[in-house]
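These notes are about the structure you will find just below.
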Amino acid sequence: MSAGSEVFAGASSPYGVSLPIFEGPLDLLLHLIRSNEVDVTEIPIAVVADQYVQTLELMRDLHLDVAGEYLVMAATLAWIKSRMLLPPDPSSISDEQGDPRAELVARLLEYQRFKEAAAELAERPWLGRDVYPAHTPGPEPEPEAEREIEVGLFQLVDAMRRVLAQAGHTGAAHEVEVETVTVRERMLVVMEALRGREACQFEELVREGDLWTSRPIFVATFLALLELTRLEAIGLYQGIDDLGTPSGPIHVRRRQVDAAEDWLERVSELM
Amino acid sequence: MEREQQRRVVEAVILASPEPIAPARIAAVMPRCNPSQVRALVKELNDEYSEARRAFEIWEVAGGYQMRSLPEFSPWLKQVQKTRPLRLSAAALETVAVVAYRQPVTRAEIEHIRGVDCGAVLKSLLERQLVRIAGHREVPGRPIVYATSRRFLEVFGLSKLGELPSLRAIEALGESEDESAPGEAVSEESLDAPEVAAESDADGAATEGEVGEEPAPNIH
C-alpha cells in the first residue's frame, strides 16, 4: 500500500525527487528489503542500514516529519550492524549467540502479515463504498426516543464537550466563587428529575431555566450520570439518524422500578 | 403457511429491517418456522435473484441478514449517496487489521507490531465505531484492550470474526516460499491469547451480541 502514494519534492526543482509515503520504520525497512530483492531473513544489514539512514535524510530534506520511531530503528540497525561485525563471544550465555537480526526479522515478518491482512480487508466489498443496504426509513421519521440505541462513551463525551462549549458563552466563566457540589448531590438531582417520569434529556439536567449551570456542576452531573448508569439506576440513550449514526440529544432513562428503588441504598454504601 | 408465502415473508422482513436481522428473529414472526428453515429460504431467494439478474442480494453480516446492492453497482450508487464513500487510511486499515486478528489487544501491542504510535488512529477508529474498548487487561497498569465492533463486521461484510481470511502463512519477502525459523517463533508467540477482564459496559450497543465472545480467527 505504501508504494501507492508518493510525495513529490519541489515541483520547482529541476530534478524532482519522489519518495513513497511510509507507514513507519518497519514499512520503510520492508520497502528497502524489497527494492534490494533479498529475502527478509537474509537482510544485508550494512547495505540496508545505510539506505535507511539515507532515506531518513531525504525525508528530512523534503521537510517531512521524521518521527522518533524512525530514529529508534536507525539505532537498532546500527547496533545489529556492529554486532554482525564482531566474532561470536565464546564466553557469553547461549541465548546471546543467535543471529542479531532474528528479532528484527520476526517483527518484519509479523508486520508484513498484517499489511497483507489490511490489503485483504481493503479489497472486501465495503458497506458505504462498494455495497449499500436496502434503505428503508419508513413512511415518516420516527420520534427519536422510539429508535433509541445505547450511547457509547464517545457520544457522551461529545455531548459534554458541546455543553461546555456553550457554557463558555454565558459569561459565567469569570466567576471565581468556589462552589461546593458533590457527585452524590447531583445523583439526587438526576433521580429527582426522573421522579414521576421515565426519561429526560441530558442537557435539561445541566440547565437552570435558560442558563447553563456552572462548570463544576456540569462535571459533577456528568460523573453522577456515569455513576448512576453503573448502578443500573438509569440508562443513557441517543437517537440515530438516517445513516445509523448516533445523533441528537442524549436521553436519560430510568431503569425498571425495582432497580431504581434501591439505588439510594447502594449510593449510601459507596459514599 | 405455504412455503412460497414463507419465502415472501422472509423477503419482506429482511427488506424492511433497518439493520441486519438474525435468522431466529425472522423465524419468530412465523408459526412453525425455525432458523435453519429461514436460512434455506434465504438461499432460495438469493438463487432466485441471481437467476433473474437482480442488482441486489441478501448478505449475511454480523450474524444477520441484510439486503444489499451488488458491488458492481457502486459507481452509480456513489453518486446518489448523501454521504461520501467510506475511506480508511493505510494506517487505519493496518490498525484495524491488527485489532481484528489479535483482539483483545492493548495499544502497546498494536504499536509494537506496527512500529509507530497508534493513539490518533485508534481514536479515529473508536469514533467511527469500527473498534471498541473491550475492558482492561488484568496486569499492572490495567491497560485498555481493544476489539472490533459489530459495525466492523457490517462494514467489511463479515458474518462473524471467524470468517476473516486467515493471515497468510508466513512468507518471506521476495516471493520466497520457505517458512523460516524466526517466522515460526512469531506464530508460536501469537497463540497466547491474552486474558481479558470482564468487560465494562461503557461501550453500550457495540458490545451486544456474540461479537465480543467470538474467538479471533486462526492466524495460521
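Which order do A:E110, B:E72, B:E11 fall in if you start with the one that has the fewest other Cβ atoms within 10 Å? Write out the running numbers ahead of the final one.
Numbers: A:E110 24, B:E72 11, B:E11 18.
Arranged by neighbour count, lowest to highest, A:E110, B:E72, B:E11 become B:E72, B:E11, A:E110.
For peptide B:83-91, compute the average count of partner chain beta-carbon atoms within 10 Å of each residue's beta-carbon. Mind dumping the intermediate values first?
On the way: counts 4, 2, 5, 5, 3, 5, 3, 12, 5.
Counting other chains' Cβ atoms within 10 Å and averaging over B:83-91 gives 5.
In terms of surrounding Cβ atoms within a 10 Å radius of their Cβ, B:T95, B:T83, B:T106, A:T182 rank from fewest to most as B:T83, A:T182, B:T106, B:T95.
Diffusion coefficient of region B:1-120 by Stokes-Einstein, Kirkwood radius over Cα pairs, 10 °C, 1.306 mPa s: 91 µm²/s.
Neighbouring Cβ atoms from other chains, within 10 Å of the Cβ of residues in A:99-110, number 5 on average. A crude spin-label estimate for the pair A:D39 and B:E48, with each label 7 Å from Cα along the Cβ direction, gives 5.7 nm.
Look at where the Cα atoms of region A:177-250 and of region A:53-77 average out, and the two centres are 49 Å apart.
Full extension of the segment from B:R8 to B:D117, taken as 0.36 nm per residue of separation minus the current Cα-Cα distance, would add 34.1 nm.
Give me the extension gain from B:N34 to B:L15: residue separation times 0.36 nm, minus the current Cα-Cα distance, reported in nm with one decimal. Don't skip to the answer; put the middle values down first.
Values: separation 19, 0.36 × 19 = 6.84 nm, distance 1.91 nm.
Gain on extension, B:N34 to B:L15, equals 4.9 nm.
Residues B:R25, B:R7 in ascending order of nearby Cβ atoms (within 10 Å, fewest first): B:R25, B:R7.
Placing dummy labels 7 Å off each Cα toward the beta-carbon, the span from A:L226 to A:E103 is 3.7 nm. With both labels modelled 7 Å from their Cα along Cα-to-Cβ, the A:E185 to A:E198 distance reads 3.3 nm.
Could you please report the charge total around B:K78, scoring K, R as +1 and D, E as -1 over all other residues with beta-carbon less than 10 angstrom from its beta-carbon?
Details: positive: A:R129, B:R84; negative: A:D130.
Taking every Cβ under 10 Å from that of B:K78, the sum is +1.
How crowded by other chains is B:66-74, given as the mean number of beta carbons from other chains within 10 Å of each beta carbon?
Numbers: counts 4, 5, 7, 7, 4, 7, 3, 3, 7.
Average per residue, whole number: 5.
Values quoted throughout were computed directly from the atomic coordinates according to the rules given, and no laboratory measurement underlies them. Model, not experiment: these values are computed from the prediction. As a convention, Cβ positions derive from the backbone with ideal geometry for all residues, glycine included, and neighbour counts pool all protein chains shown.
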